[in-house]
Amino acid sequence: LGHEICKLHPEIDCVAMIDIGRGSVSYRAEKDGIDVGALAKSFGGGGHQKAAGSEFSRDVSEDILGLLFK
């Protein structure tokens with residue numbers, strides 16, 4: 001999905017897809033010079049230059065939901 005979003009919208013540098021239920025983020029990029037692997041690593045995750053992922057705690061999930069559904 002992230003790959004397709006990047007292809008459809010070339011003005012976007014990268015896409016981060018958040019799965020609140022699983023506590024994970026998937027990062028995708030199509031452009032050269034964008035390293036989502038380094039981004040994911042800064043959040044404790046990993047991957048490659050154009051595809052990576054990281055996780056976050058249940059507390060963060062609850063905080064996000066609290067902000068969205070006040």
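So here's what we get for this one:
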item	result
Subset of segment 30-39 [modelled with pLDDT under 95 and of a type in the set (Gly, Ala, Ser)]	GLY33
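This table checks each residue for (1) of a type outside the set (Gly, Ala, Ser); (2) touching a Phe, Trp or Tyr at 6+ places or on another chain (Cβ under 8 Å).
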residue: GLY2; (1), (2): no, yes
residue: LYS7; (1), (2): yes, no
residue: PRO10; (1), (2): yes, no
residue: ASP13; (1), (2): yes, no
residue: ALA16; (1), (2): no, yes
residue: ASP19; (1), (2): yes, no
residue: ASP32; (1), (2): yes, no
residue: ALA38; (1), (2): no, no
residue: HIS48; (1), (2): yes, no
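The values are calculated or read from the model by the stated rules, or taken from the named source; none is laboratory data. If you're wondering where the values come from, they're calculated on a predicted model, not measured in any experiment. Cβ sites come from the backbone with ideal geometry, for glycine too, and all protein chains shown count toward neighbours.
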